[in-house]
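Worksheet: one structure, shown below.
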Amino acid sequence: MKLKLKPFLGRFRNTQGQMAIFVALIFQVLFLFFAMVVNVGLLVHHKINLQNSVDFAAYYGAMKQAESMNAIAHINYQIRQSWKLLAWRYRIIGSAGTTEVGNPPYRLFSSSLNDAYEDSPMDPASEAPAFCVAYTPFEEVPPQESLCKKGGQASTINLFAVPAATGLVGVSRGIQAAAIAALKNILTQCEYIGPFNWLLLARFKVAFVIDHGNRKRVINMLANGLSGQGAGGEPNSDFLELDGSRVSIGIRKTLEKNLTIQNRNSLGDFKVFNSLGDANCGVTNPSFEKPPKWLTEILVKPAFSTSAANCDGVRTWDVGAMNKLVFYPVDIENPDPDQPRHWRESVELRDEIAALRPFVNYSSPPFETSLGMEKNPWCMAYVGVKATTKPKVPFMPFGEVTMTASAYAKPFGGRIGPWYKESWAPGVASVQSNIGKRLDELTPERYNPGAGISPAMANSPMRVPNYSRFPGDLKGLRSRALAGLYDRALFQMSSRWAPNNDIILNSVSVPAGPDNSPSFSHWSEIAKNFKTGNPSKDILAWNSFDSKAPQMRLLELSALAPDIFDTTYYSIEPNFYQVYYQKIMDHKKMVNANDLDLPSDLGARMDDKKYEGFNIKNQIEVQNKVLEKIDNIGGSTLQYLLKDVDHVLTSWVPNSLLEYDFAPNLFGKCGPGSRPKEKYPIPGDCVAGGRTGFSVKLVSGDYLLRSDLSLGGKSAQGPINNPPPDNF
């Protein structure tokens, strides 16, 4: 049988459309690849977004850390200023009446500076002076009189003998009676000089104790907050911002605001690491009496002596016997045991002396005498953030993908204050951690309460209050060039002493009161409690009778204003009250620190709207005007003082957004037109130019784990005390 295949085969000769089958098959593969590309792209997008968001969150945390550290640095500088004021009062005011010891810097009776004294050997009156204020510029001292001629040193002043009644009896007896009356007057003054020298010096010392103790309490509150106290939970997972808010809340909001919807909706594990809450660096005492481990107090035990008088030599008035006064220095903290016999029984003096005596040597934290805080460099401040998400993306063939990102950011470039010595060995913070040369060799040596005062330290003239005006300064307030200028200013403020001289400070911007002569009454409130006795929290001279600033206040401001040493080792905020004060008050409320007194910059009066905002910028303005008056050669003698508020802008600043190299052309300068509006104050008071305080940068975890970090100065390398935890 013959088959007919031709029609059958004809069916296969039309092959059009066969590629469609292959295309349909290949399309599935191509679609799969396309979906994988989209899937991977979305995953990469979410991963990048997660990492960027975590970076932002860590940066936020470090920024808040830096803000609190800037405030701590400035308050620490306020303690430095309070110490400078105490030292200036002790050495300048307490020694200006010296006219007969060594080579006085100011020739009192010729009203001229001594041009040949600066490089001559130091005399005891300038090396370790005894405090004496019974000299004429002060209103309370009789005109043209000084009982401080010997500089408060041990000395005897021979007076005169009572004459015998001879010749014309009436006349001679009148002369004899006049002599006895004069001696009685001298006796009265002699009996007052010892207690009043002690009383005024005690006011100065107690004012310092109260002022710097309250500032230390504020530092402890902020520092303990940075170490997690009051934030709840684990100290190393949260801390308090400057205004008292929990930083973890702000960090999470920053993270969530920057996440994609998919990342935000699937946000799972979220961790914050607060390095200053680590057990090796955190809180040691859950109160405001002690700082955390990353801050250490520089305790000192300064020596103060005041001039007392033995008045027994003018008590008998025997005819022909030489009457004399004996002056001798006594330790303010351990007064002369014969004091009651030598001191006049004045109710006013006795009551105030009895009130001040317990606080002259007050040693309970935080009111024990210190130079402020030093930061342990091995307790590094940084913030870590870690987050995990499981974003849902289309065409996910293998289910959800878990993504994790972590980041670290740290404050840098600011300075809380100088270390006691130039290097700090790695390890746990202690007095012995400092090695090498002292950074301020003119301040008293560090005091260890456990070891007490060594005999060498007890008798050292370095215990007398002093400070360096610039790095490497060898004289400080022992400089008789400086003393001469201020001594002249003190005497010329008194129209009774120098009636032919202009009252030199009456054109300074802070208005002086009508009574410009120095007066002990201008310091009557400074040693009182901030809550009740001194609500202005002001320890500078003040004329309370007419609520004006006496000229003495202006001299004090010029003495404590920033100098080159200060700008080298401290981050100084020119607008502290305007930028930080209210936030600190909010922090105080958040942690229920109602008993904490918060003074602002020295020169501010916290119960006076006119003066409550007084700040560093105002201090420098007053200083410049005072120097124009007291230095008749244009301020060339006091070159260590700042002339421009921009000179506090000494922190790190980058060249540009993408260049982190140091920009020397911006150091200590503010660009033209860069001042912020007064109602919008910013740190440093400069929009574009130099900066003050800490900046912030991102760092890697590997950097934080290194064991060869050079953080402690010369030849001091090691690991930090608070590295990130292993599971972070």
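The values are calculated or read from the model by the stated rules, or taken from the named source; none is laboratory data. From a predicted model like this one, the values you see are computed outputs, not experimental measurements. Reconstructed Cβ throughout: ideal geometry from the backbone, glycine too, with neighbour counts over all protein chains shown.
Looking only at residues of region 386-414 that are assigned to a loop (DSSP other than H, G, I, E, B) and buried (at least 21 other Cβ atoms within 10 Å of the Cβ), we find that the one that is modelled with the highest pLDDT is GLY414.
Can you give me the number of residues within region 39-98 that are charged (D, E, K, R) and within 30 Å of ALA202 (Cα to Cα)? Explain how you work it out, then say what you get.
Keep residues of region 39-98 that are charged (D, E, K, R), which gives 47, 55, 64, 67, 80, 84, 89, 91.
If we keep only those that are within 30 Å of ALA202 (Cα to Cα) as well, we get 80, 84, 89, 91.
So the count comes out to 4.
For region 625-660, the set of residues classified as at pLDDT 75 or above and β-branched (Val, Ile, Thr) consists of VAL626, VAL645, VAL648, THR650, VAL653, listed by residue number. Only one of the listed residues (GLY693, GLY673) is assigned to a loop (DSSP other than H, G, I, E, B), touching a residue at least 24 places away in the same chain (Cβ under 8 Å) and at positive phi. That residue is GLY693. Among the residues of region 427-442, those identified as in a loop (DSSP other than H, G, I, E, B) and either modelled with pLDDT of 90 or more or closer than 30 Å to LEU42 by Cβ (or both) are LEU439, ASP440, GLU441, LEU442. Note on region 564-587: residues that are within 13 Å of LEU649 (Cα to Cα) and not β-branched (Val, Ile, Thr) total 7. Would you be able to say whether some residue in region 627-647 is surrounded by 13 or more Cβ atoms within 10 Å (Cβ to Cβ), in contact (Cβ under 8 Å) with a residue 60 or more places away in the chain and closer than 30 Å to ILE435 by Cβ? Scanning region 627-647 turns up at least one residue that is surrounded by 13 or more Cβ atoms within 10 Å (Cβ to Cβ), in contact (Cβ under 8 Å) with a residue 60 or more places away in the chain and closer than 30 Å to ILE435 by Cβ.
Here ASP685, ASP661 are screened, and the one residue that is more than 30 Å from ASN721 (Cα to Cα) and either crowded, with 17+ Cβ neighbours inside 10 Å or among the charged types (D, E, K, R) (or both) is ASP685. Please specify each residue of region 78-100 satisfying the condition of being at pLDDT 95 or above and out of contact with any strand residue (DSSP E or B) (no Cβ under 8 Å at 6 or more places or on another chain). Residues satisfying the conditions are LYS84, LEU86, ALA87, TRP88, ARG89.
If you go through region 531-548 and keep only what is of a type in the set (Gly, Ala, Ser) and crowded, with 23+ Cβ neighbours inside 10 Å, you end up with just ALA541. Each residue in region 689-728 was checked for being small (Gly, Ala, Ser), out of contact with any Phe, Trp or Tyr (no Cβ under 9 Å at 6 or more places or on another chain) and buried (at least 19 other Cβ atoms within 10 Å of the Cβ), and 2 of them qualify. Here VAL383 does not fit the description of being crowded, with 17+ Cβ neighbours inside 10 Å, under 30 Å from TYR447 (Cα atoms), modelled with pLDDT of 65 or more and not basic (Lys, Arg). Of all the residues in region 222-255, those that are without any contact (Cβ under 8 Å) to a residue 60 or more places away in the chain and charged (D, E, K, R) number 4. All of (1) buried (at least 24 other Cβ atoms within 10 Å of the Cβ); (2) in contact with a Lys or Arg (Cβ under 9 Å, 6 or more places away or on another chain) hold for GLU67 with one exception: (1). Can you find a residue that is at pLDDT 75 or above, surrounded by fewer than 21 Cβ atoms within 10 Å (Cβ to Cβ) and more than 28 Å from THR567 (Cα to Cα) anywhere in region 460-468? Yes: region 460-468 contains one or more residues that are at pLDDT 75 or above, surrounded by fewer than 21 Cβ atoms within 10 Å (Cβ to Cβ) and more than 28 Å from THR567 (Cα to Cα).
Okay, residues lined up against (1) assigned to a loop (DSSP other than H, G, I, E, B); (2) under 23 Å from TRP198 (Cα atoms); (3) under 20 Å from the mean Cα position of the chain (by Cα):
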residue	(1), (2), (3)
LYS531	yes, no, no
PRO535	yes, no, no
ILE539	yes, yes, yes
ALA559	no, yes, yes
ILE572	yes, no, yes
TYR577	no, no, yes
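Scanning region 253-268 for residues that are β-branched (Val, Ile, Thr), in a helix (DSSP H, G or I) and either closer than 15 Å to GLN51 by Cβ or at pLDDT 95 or above (or both) turns up just one, THR254.
Residues in region 352-372 that are surrounded by fewer than 23 Cβ atoms within 10 Å (Cβ to Cβ) and either within 30 Å of ILE720 (Cβ to Cβ) or acidic (Asp, Glu) (or both): GLU352, PRO365, PRO366, GLU368, SER370.
Within region 270-311, the set of residues being among the charged types (D, E, K, R) and farther than 30 Å from LEU147 by Cβ comprises LYS271, ASP278, GLU289, LYS290, LYS293, GLU297. In summary, PRO358 fulfils each of the numbered conditions (1) more than 22 Å from the chain's Cα centre (by Cα); (2) more than 30 Å from ASN529 (Cβ to Cβ) with the single exception of condition (2). Answer yes or no as to whether ILE72 is in contact with a Leu (Cβ under 8 Å, 6 or more places away or on another chain), at pLDDT below 95 and surrounded by 24 or more Cβ atoms within 10 Å (Cβ to Cβ). Taking the combined requirement at face value, the residue does not satisfy it.
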